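The values are calculated or read from the model by the stated rules, or taken from the named source; none is laboratory data. Just so we're clear, the structure is a prediction, and the values are computed from it rather than from any experiment. Note that we place each Cβ from the backbone using ideal geometry, even for glycine, and neighbour counts take in every protein chain shown.
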């Protein structure tokens, strides 16, 4: 086994990893960590999407929304399979962890309360997923993950298209549907911004980057997401606290990230700046729907009462 | 298009409504399976059932039925679904032993339809159904081993309900109105035989006994020819709310 | 360009499928040919080939501004069912000479992968989409 | 039991490993594979029981040990 420093250099120079025998402990740990976040995020998006998918306004919409759920479960399956290759037990990961032990992104600890929120989640949150995963697909040093992501990227593209199509429809249909869409975006947009984590200048070092498990930094990924989401926001004339800054040639936020979030009312308090350690505490203590969602996956029964 | 013999519309309506409910139950259980593979299977089958419904609804529209009504804007008692799907609120083994015979019964009924203009549609549905039925049988085999009591107890209830959907035993070659009208190429009695034979064979070497199953149910006198079932039960109001998309009506696009 | 006419050397490599689309297109009027070309620009939402290349368009018929598109789907539960309907309708409705568009979904013949030309298949592969 | 899943998109393509499923029987494994890997209309899809997959060469090159 090469030294850690030499190993990282080799990875930066394009070395690909196929199996655990080639990994250092540090690499394996970093890989497990990101795969757990990825698998849990895919998995928990399914119960998050579930209620509104079953209440979709038409049969066609219902079929599309259930297909998104199927895809997300399949993507979770992929991540857990990869974790299994690293020595974890798939069944334990899915069925035997406590709700607070799941490492999914905070966005999927939220209740999705109407169809406008559901399609906005497809259009905004799945876009965040695409940004993260396409970086890994292009740049990762872990070959089995790279291969598996072909399916994922393809399917996420469809979710995005579905989300965008419906967002367009709601924006143009009536004042009422437009208002519901705007209300969904009001809390989902900053959620998407926060998705990518701590800014680069606050983060001292990043194992996942050094091992080239991923290729882009948090800020680069966030900028990617903004540059893909903002044109749609502009096209649909939706209000979001961000704009393109001609001088700096990038999208900039109109608030000082991070700010406080009131999960009960799904409201961001833009005039209440907090620290990143506050954000991480909020993530760790999990959001309002965390227990319900994990329970839906683990219970083996259906609660028929609506 | 409006040349179906009269009882055929109710026949296809019962298949369609059963498939609406299959789609609903598959989707409801798509997160509650014992493995991720089972969840994925449920979500996949749900879409396929909705796909079948979408096409069958068009055919029924062609026979003069109202599209909104078809798509769920009606009372629970107006759904002609198999009674086995009214509610499934036990555990996963009960769920499987409820949907499996129902999906199979609905497929046998479609397969018996003898009309050139529906040939392609039914062939296409059969491509999906092959995998639904394989999945159920493969799963019933493993569950017959793990939890024979639940499977047996559930089947004792759901097999007769599925048989009621196919039609009463009295509907043989000489008495089945659909066969008589040439809409199907086999009478209900023959489909019932094939159906019963299939399950007898599937469980032959297992701990699940089908001896207590009432293979002759329902008596024709108790059978409702419109809803193709023998009891007055119905799905829950909550199911209709979801199926018709009422909660998100505001977002429906025409 | 449609799959049926995209054979670079026009040699005898046209598959059965190309023939399927070609046959369906053969008796199209000049205007209907234009409509086919427009449909050939609509991508399948899952794969980077057009609906025509996917052999999903079975027939295009125009009479007095009324267009009927007969089409089928590789899978009945297609999650993009209404999106594809919308795409077809909106791409054709904007054309001069088209007043109304009807999409009729048919299952005869049942769609099969054999209907794809080798060119389309290799296009699917090259895009890296099919692994 | 774990089953490795292999697939081929079109005739003439390579058959590749695309993932695995866990199932209690061969029959179930086939259906799980069909549902779990439905991203393509495969020309061929097959499952192999993990313990039927015999490694020939892998991480460490095998060598002939000569017993003393």
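Things worth noting here:
- Among the candidates B:3, B:39, B:10, the residue that is within 23 Å of residue B:187 (Cα to Cα) and modelled with pLDDT of 95 or more is uniquely B:10.
- Subset of segment A:253-306 [within 14 Å of another protein chain (Cβ to nearest Cβ), under 18 Å from the mean Cα position of the chain (by Cα) and assigned to a loop (DSSP other than H, G, I, E, B)]: A:289
- Scanning segment A:1-17 for residues that are touching a helix residue (DSSP H, G or I) at 6+ places or on another chain (Cβ under 8 Å) and modelled with pLDDT under 95 turns up A:1, A:2, A:4.
- The selection criterion, being closer than 29 Å to residue D:32 by Cβ, surrounded by fewer than 24 Cβ atoms within 10 Å (Cβ to Cβ) and within 14 Å of chain D (Cβ to nearest Cβ), holds for residue B:141.
- Any pair with Cβ under 8 angstrom, 6 or more apart, that starts in segment D:38-63 at a residue that is under 30 Å from residue C:46 (Cα atoms) and ends at one that is modelled with pLDDT under 85 and loosely packed, with under 15 Cβ neighbours inside 10 Å: D:43/D:11
- On the stretch given as segment D:26-44, residues that are within 7 Å of another protein chain (Cβ to nearest Cβ) and either in a helix (DSSP H, G or I) or farther than 17 Å from residue A:151 by Cα (or both) total 7.
Conditions (1) crowded, with 24+ Cβ neighbours inside 10 Å; (2) more than 20 Å from residue B:19 (Cα to Cα); (3) free of Cβ contacts under 8 Å to residues at least 40 places away in the same chain, marked per residue:
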| position | (1), (2), (3) |
| --- | --- |
| A:25 | no, yes, yes |
| A:28 | no, yes, no |
| A:32 | no, yes, no |
| A:36 | no, yes, no |
| A:39 | yes, yes, no |
| A:43 | yes, yes, no |
| A:64 | yes, no, no |
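- Residues satisfying the stated conditions in segment A:141-164, i.e. within 30 Å of residue A:23 (Cα to Cα), buried (at least 20 other Cβ atoms within 10 Å of the Cβ) and at pLDDT 95 or above: A:141, A:142, A:145
- Members of segment A:75-97 that are within 13 Å of chain B (Cβ to nearest Cβ) and over 10 Å from residue A:36 (Cα atoms): A:75, A:77, A:78, A:81, A:84, A:89, A:90, A:91, A:92, A:94, A:95, A:96
- Qualifying residues in segment B:104-126 (those that are closer than 30 Å to residue B:154 by Cβ and either within 14 Å of chain C (Cβ to nearest Cβ) or without any contact (Cβ under 8 Å) to a residue 40 or more places away in the chain (or both)) - the one surrounded by the most Cβ atoms within 10 Å (Cβ to Cβ): B:125
- Flag if residue D:21 is within 13 Å of the chain's Cα centre (by Cα), at the interface with another protein chain (Cβ under 8 Å from one of its Cβ atoms) and within 18 Å of residue B:132 (Cα to Cα): yes
- Test result for residue D:47, away from every other protein chain (no Cβ under 11 Å), within 24 Å of residue A:67 (Cβ to Cβ) and touching a helix residue (DSSP H, G or I) at 6+ places or on another chain (Cβ under 6 Å): yes
- The lone criterion from (1) surrounded by 10 or more Cβ atoms within 10 Å (Cβ to Cβ); (2) at the interface with another protein chain (Cβ under 10 Å from one of its Cβ atoms); (3) touching a strand residue (DSSP E or B) at 6+ places or on another chain (Cβ under 8 Å) left unmet by residue D:53 is number (2).
- With respect to the conditions (1) in contact with a strand residue (DSSP E or B) (Cβ under 8 Å, 6 or more places away or on another chain); (2) within 12 Å of another protein chain (Cβ to nearest Cβ), residue B:50 falls short on a single one, namely (1).
- Filtering segment C:59-105 to residues that are more than 12 Å from every other protein chain (Cβ to nearest Cβ), touching a strand residue (DSSP E or B) at 6+ places or on another chain (Cβ under 7 Å) and part of a loop (DSSP other than H, G, I, E, B) leaves C:65, C:98, C:99.
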